[in-house]
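Take a look at the structure set out below.
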Amino acid sequence: MTTYVPPLRQSSPHLPFGDKQDATFYGKDILSVKQFSRDDLEYIFGVAHEMEEMVRRVGSFDLLKGKILANLFYEPSTRTSSSFTAAMERLGGSVIPINEVRYSSVSKGESLPDTVRTLESYADVVVLRHPETGAAALAAKYARKPVINAGDGIGEHPTQALLDLFTIREELGQVDGLTVTMLGDLKYGRTVHSLSRLLTLFDIRLNYVSPDILRMPAEIIEEIKATGIPQAEYAEMEPILAETDVLYVTRVQKERFTNPDEYELVRGAYVIGTDTMRQAKEKMVVMHPLPRVGEIAMEVDDDPRAAYFRQMEYGLYIRMALLAMVLGKA
Ligand code: CP
């Protein structure tokens, strides 16, 4: 008996549309920050600025009218899921939302490749969040349409890293020359895994502050070392707070621990409060991918250096830019 093997994804999608295809991103997956060059970032940020301007002027417009996004989330999300939805709808397209896979055929045991192939039959682009590292790459291997990685386990969160970098540039005017301190769960935090890699395209200095059991993975430290970017690890933030330009705070993620006692040992290890802000540079920014669970006190929210709510809004413009680019309308 011959087993039917479904075709793998071709290098370009079947049907080009429009005459404004962007050669770099049209029809492409967005799986890892490793795929971006500095020129790519300039281009994405330029399109994001245009999106911001259009949202301010008209709110929504019909750039992607007739296009459909499948928003497939196997893990909870507020920001990534809703900002991709808002991005598609502000561009005139529509969304198939699958935020609770237990109500889909996944609960009957359907595989990820089959689920993605199903959704791409109805949609033009698939946004995927999944608890397993490499899931987005697997989905992309089987899909003919672009797949965007919205977080794959403890692997990467490339669109978050793009919006983080955009935030740094918008808030501080530049990226070169900055000292970026990442704090919290650096072991399981996919946002810091992506952002640290993306920052190696710039002339920066990286500090990592974490409990011993949540240190940045050795392979990422090695990867960054190979680029020549200076990096240092600390258990406390005090020694490097005064020299920090970007304080990137992350949540200790209870859901990633197999041993609840280990979580209890490190939860609440760091809390950014007004005392912390007094010791920091006047022009520093505090960022956080959110959600937070106590690692930044609410009293910090009114400090102009608290950029985490603005960071969420920048995410809308970045995701509008990415959707327009992969669908050939940037
Ligand atoms: N930053 C982020 O990924 O948030 P959500 O989990 O709410 O999508």
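The values are calculated or read from the model by the stated rules, or taken from the named source; none is laboratory data. Only a predicted model underlies this, so the values are computations on that prediction, with no experimental measurement involved. Here the Cβ positions follow ideal geometry from the backbone for every residue, glycine too, while neighbour counts run over all protein chains shown. Side chains are part of the model used for accessible areas, which takes the heavy atoms of the whole protein and leaves out ligands, DNA and RNA. Shrake-Rupley method; radii C 1.70, N 1.55, O 1.52, S 1.80 Å.
Which far-off residues, 5 or more places away or on another chain, put their amide H under 5 Å from the one on residue 233, with H placed in the peptide plane?
Excluding prolines and chain starts, which carry no amide H, the hits are 208.
Counting other Cβ atoms within 10 Å, keep those with at most 16, restrict to DSSP loop, and tell me which GluC sites (Glu not before Pro) in the range 96-145 are left.
Filter output for the range 96-145: 100, 110, 132.
Roughly what angle does helix 79-90 make with the longest principal axis of the chain, taking Cα atoms, 0 to 90 degrees, to the nearest 10?
It works out to around 50 degrees.
Taking the Cα of residue 227, stepping 7 Å toward and past its beta carbon, and measuring to each backbone N in the range 130-170: which are under 18 Å?
155-170
Taking the Cα centre of the range 158-312 as origin and charging only Cβ (+1 Lys, Arg; -1 Asp, Glu), how large is the dipole, in debye to the nearest 20?
So the magnitude is around 320 debye.
What percent of all Cα-Cα pairs in the chain falls into each 10 Å bin, going from 0 up to the bin containing the maximum distance?
Bins of 10 Å from zero give 6, 26, 33, 24, 10, 1, 0, 0 percent of pairs.
Along the charge dipole of the range 192-302, pointing to its positive end and built from +1/-1 on Cβ of Lys, Arg, Asp and Glu, which listed residue (263, 289, 273) has its Cα farthest out?
Going by the charge dipole, the pick is 289.
Describe numerically, in nm with one decimal, the distance between label points set 7 Å from Cα along Cα→Cβ at residue 254 and at residue 49.
Between residue 254 and residue 49, the label points sit 4.3 nm apart.
Between the DSSP loop rule and a limit of at most 13 other Cβ atoms within 10 Å, which trypsin sites (Lys or Arg not before Pro) in the range 265-304 are left?
283
Given +1 on the Cβ of Lys and Arg, -1 on the Cβ of Asp and Glu, and no further charges, what dipole in debye does the chain carry about its Cα centre, rounded to the nearest 20?
1120 debye
Given H placed 1.01 Å from N in the peptide plane, which residues other than close sequence neighbours of residue 96 have an amide H under 5 Å from its amide H?
Long-range HN contacts for residue 96: 69, 70, 71.
Please return the longest stretch of the chain lacking exposed loop sites, where chymotrypsin sites (Phe, Trp or Tyr not before Pro) count only if DSSP places them in a loop and at most 16 other Cβ atoms lie within 10 Å.
The reported range is 62-330.
Taking only the Cα atoms of the range 158-312, how large is their convex hull per residue, in Å³?
In the range 158-312, the Cα convex hull volume per residue is 104 Å³.
Pairs on different chains or at least eight residues apart, Cα atoms closer than 20 Å: how many lysine pairs in the chain fit?
20
How much accessible area per residue does the chain have, counting only protein heavy atoms and a probe of 1.4 Å, in square angstrom?
With all protein chains present, the chain gives 45 Å² per residue.
First obtain the Kirkwood hydrodynamic radius of the range 244-289 from its Cα pairs, then insert it into the Stokes-Einstein equation at 37 °C and 0.692 mPa s, and state the resulting D in µm² per second as a whole number.
Approximately 266 µm²/s, per Stokes-Einstein.
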